[in-house]
Amino acid sequence: MKKMWKTLLIALFLGFIWGWLITDSHSAPFGKVTFVIDSDAPTMDPHKHAERSGVTVNWQIFDSIMFRNNDMKVVPGLAESYKIITPTLIQINLRKNVQFHNGEPFNARAVKFSLERVLDPKTKSPRVPSVNWLKSVEIVDDYTVKLNLINPHPLWMEDLHNLAMVPPKYLQEKGDSYFAENPVGTGPYKFVKWTRGQEIQLVANPKYFKGVPRIENGIIKIIPDASTKVAALLSGAVDLIRGVSPEEIPVIKANPNLRVSTVPILRFQWFYLSDALNPESPLYKKKVRQAINYAVNVQEIVDNIVGGLGTPTVVLNPMHFGFDPAVKPYPYDPEKAKALLKEAGYAQGFDMTIHYTTANMIKGDEVCQAIQAYLGRVGIKVKLQKWSPTGYMDIIKGGRAKPCFGLNWGSFGVFDGDAILTPFFRSGQQYAFFHTPELDKIIDAQRQEMDPEKRKELMSKAQQIIREEAPWIFMYAFKTVEGANAKLDYKSRSDEIFSFYEIGFKK
Amino acid sequence: MGKYLLRNLVQLILVCFGVASLVFMLVFISGDPVMLMVPMTATPEEIQNLRVAMGLDKPLWVQYLMYMSRLIRGDFGNSIRIEIPAIRLFLERVPATLELGVAGMVLATIIGVSVGIISAMRRDTWIDAIGRILALGSQSMPVFWLALMLIIIFSVYLKLLPPFGRGGIKELIMPAITLATYNIPLILRLTRSTFFDIIHQDYIRTARAKGLPDWVIVYQHILRNAAIPIITVTGMNFGRILGGAIITETVFAWPGVGLLTVDAIFTADYPVIMASTVILVVSVVVVNFLTDIVYAILDPRIKYG
């Protein structure tokens, strides 16, 4: 008898679920999607780290005032609209009726609190460079704030899109360390559970202001080993992986349940001739630097070593705002390279060390060996010095990576040429190993120019100068390969941001 | 016995202290964690502020004294990446590694000892040959390769077992086999040779002459005598198991201390590197110490003066 009751109850329950599913199948989220990251998120607090794995998790749970849409344009997010009152005063009108997952309202106070939290030295936030142009935040009313800027800052929207809005009341009550493991945001997914080193579980936020998500359960798994990651996709244990290496593409393509997509990303590679301003070095001569660029066949490296997962480029990534397509890569011309070396007085060539690390690169060792071979053909004897990624930036900053070092840079998701020009070519910056007074003037001018067209002109000028001066061995922009369950309906993004909210199952 | 234990205990403490100092030195020679934590556009002041906030600006010896005094209280400091005590991050991962380590060790001991016994009893037959091939094969096989082969066969093709992660018994099977394989050859060959020596002892011949059945001889006369070297090796193998766990955990995405350590090294998270290195070394030393005690209990002939 007891058993019968139980069966009846289960049947009733199932019937109820079924009914609920069919009546609500258009709007209710359902199903589970599993995404893979290589290493665990350091913390759930979006203001306390700057790591890719953590960023991936953050943007499921949090929103920012500005969003980057699928066309890579920055548009208002939690902001409804904005008005530039003067170049140093911006008014932002916020969306009404947005709630944090704990029910706390999102309002002007939350904006002021979030921005000031990052600026406060006590927070020890590595995100400070995204807001250090901000003088103060003024609350006008519940849904209006005014930003006072120190100087005009054309990149304010780009920078704000990187900063998550956090709940003031929750943080003040529970404290930072509790928040780091129990995050509450306004985002499309609510935090459920974090098993460190293993997985992060999320569930759809039915009250999301842009509409209910399509996928109910978002799971993020941590798999450090690249081969295991591919095997996990092949076995069906996960739905989406990033950073597939070229030799694994055919394996995934051969599986009818999976698909591969290639997408260009903001990260790009170059080799800095960091002795370009040292009169003792052969690299001091412009002709030598140009000769090096003529001597390396970048297209061949891209085609034959990187498996086509790159695009030769000069000063900027083609996706940066301000990129000038008229500034073309150096053609491969070893004869011209030899002639230039002869004119510069280095017909016999010289010795040079290239420092590098393979972090983020596809076949980094092989790429560097190819450069070594190309330069060898015009008489420059290259010694390769490989470093571990840990502390590599330290070696560069300390001026020990001379006369040449390899680097790739993802611009922190800022789709603007300034993300390269200022840190690498403005005198006074720690990574600017080449600069000229003229370049300084142009870079400073574009940094405060509010008219986009005029900025473009200035940046184009900067690119022409840098191409001509050739302080880098110009290389290529990266592409990344994703492998995915063929049933998923989604579009890969160039900013390396992944959101469960953008995903659904194909009908 | 008491004197012996005391002497070993003092040695144990000295070793731990030495290791702690060594780890501190190694870690602080290799790089600057602040540079990994700030975006490239950070100004020198911003970098300096972060360094001061984390106490990394003080002279090395001050950092060393701070480190040692905290260490004695079991405090390795907060992880540099997250404001969580390194020791807590470490302890969170211990159950996973213990689960895998014990499973691997038990599996290795069962397979190693039983195949070893059979090989010794049937010496120079085809059974012995298979045993020896097993030992040679599992010794020569790279751990990561075996792990990937298992994943490809059992997860990708047969779809029987999950390819990665930790959960129930199903998730445990492949990592445990991988870890065991790494340790089988040593146990197998030791069992085989020890058994072989004992079989030719007089007391075994006497037992045989008495007409005792084979299994009684194996269990009552040989195994107890062979147990001592096998236990020693198993105890010493503890360190090897931890070493093997780093690779196994990485391939199977098993969230144990091995994976934590690798992660910490890649992100230059010094407090976590120190906590895991120091604790792992201490636990190996302690296990070896305990092995010595078990040794004494098992073999009453061994007297420590």
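The values are calculated or read from the model by the stated rules, or taken from the named source; none is laboratory data. The structure displayed is predicted, hence computed values, not measured ones. Cβ coordinates were reconstructed from backbone atoms using ideal geometry, including for glycine residues, and neighbour counts include every protein chain displayed.
Annotations for the structure displayed:
- Lone unmet requirement of (1) under 23 Å from A:Pro129 (Cβ atoms); (2) modelled with pLDDT of 90 or more; (3) part of a helix (DSSP H, G or I); (4) of a type outside the set (A, V, I, L, M) for A:Lys461: (1)
- Complete set of residues in the stretch B:261-281 that are within 15 Å of the chain's Cα centre (by Cα) and without any contact (Cβ under 8 Å) to a residue 12 or more places away in the chain: none
- Whichever residue in the stretch A:116-130 is outside any helix (DSSP H, G or I) and crowded, with 22+ Cβ neighbours inside 10 Å and, among such residues, is nearest to the other protein chains (Cβ to nearest Cβ): A:Pro126
- Residue satisfying all of: in the stretch A:210-228; over 21 Å from A:Gly483 (Cα atoms) and in contact with a strand residue (DSSP E or B) (Cβ under 8 Å, 6 or more places away or on another chain); farthest from the other protein chains (Cβ to nearest Cβ) among these: A:Val212
- Of residues in the stretch A:380-400 being out of contact with any Leu (no Cβ under 9 Å at 6 or more places or on another chain) and within 13 Å of chain B (Cβ to nearest Cβ), the one nearest to A:Gln369 (Cα to Cα): A:Trp387
- Yes/no for A:Val203 being of a type in the set (A, V, I, L, M) and either part of a loop (DSSP other than H, G, I, E, B) or within 9 Å of chain B (Cβ to nearest Cβ) (or both): no
- Across the stretch A:229-270, the number of residues qualifying as within 12 Å of chain B (Cβ to nearest Cβ), part of a helix (DSSP H, G or I) and either small (Gly, Ala, Ser) or free of Cβ contacts under 8 Å to residues at least 12 places away in the same chain (or both) comes to 3.
- Residue within the stretch A:160-176 that is modelled with pLDDT under 95, within 14 Å of A:Phe62 (Cα to Cα) and within 14 Å of chain B (Cβ to nearest Cβ) present: yes
- Any hit, the stretch A:142-149, residues being in a loop (DSSP other than H, G, I, E, B) and within 14 Å of chain B (Cβ to nearest Cβ): no
- Test: A:Gly406 is surrounded by 18 or more Cβ atoms within 10 Å (Cβ to Cβ) and under 19 Å from A:Asp38 (Cβ atoms): no
- Qualifying residue in the stretch B:74-96 (condition: within 30 Å of A:Lys397 (Cβ to Cβ), modelled with pLDDT of 90 or more and within 14 Å of chain A (Cβ to nearest Cβ)): yes
- Residue in the stretch A:276-295 that is away from chain B (no Cβ under 14 Å), over 24 Å from the mean Cα position of the chain (by Cα), surrounded by fewer than 19 Cβ atoms within 10 Å (Cβ to Cβ) and farther than 23 Å from A:Phe425 by Cα present: no
- Residues of the stretch A:417-431 that are more than 9 Å from chain B (Cβ to nearest Cβ) and surrounded by fewer than 23 Cβ atoms within 10 Å (Cβ to Cβ): A:Arg426, A:Ser427, A:Gly428.
- Criterion (within 14 Å of chain A (Cβ to nearest Cβ), part of a helix (DSSP H, G or I), crowded, with 16+ Cβ neighbours inside 10 Å and in contact (Cβ under 8 Å) with a residue 12 or more places away in the chain) met by exactly one of B:Gly258, B:Gly235, B:Gly244: B:Gly258
- Meets criteria (aliphatic (A, V, I, L, M), at negative phi and assigned to a helix (DSSP H, G or I)) for B:Leu212: no
- B:Ile173 vs. criteria away from chain A (no Cβ under 14 Å) and modelled with pLDDT of 90 or more: yes
- Here A:Ser177 passes the criteria (1) among the hydroxyl-bearing types (Ser, Thr, Tyr); (2) within 30 Å of A:Gln448 (Cβ to Cβ); (3) surrounded by fewer than 19 Cβ atoms within 10 Å (Cβ to Cβ) except the one numbered (2).
- Selection within the stretch A:308-335: residues that are within 24 Å of the chain's Cα centre (by Cα) and small (Gly, Ala, Ser). The member of this set that is farthest from A:Val263 (Cα to Cα) is A:Gly322.
- Test: residue in the stretch A:469-488 that is surrounded by fewer than 21 Cβ atoms within 10 Å (Cβ to Cβ), touching a residue at least 24 places away in the same chain (Cβ under 8 Å) and within 27 Å of A:Leu283 (Cβ to Cβ): yes
- Subset of the stretch B:136-157 that is small (Gly, Ala, Ser) and closer than 13 Å to B:Met174 by Cα - its residue that is nearest to the other protein chains (Cβ to nearest Cβ): B:Ser155
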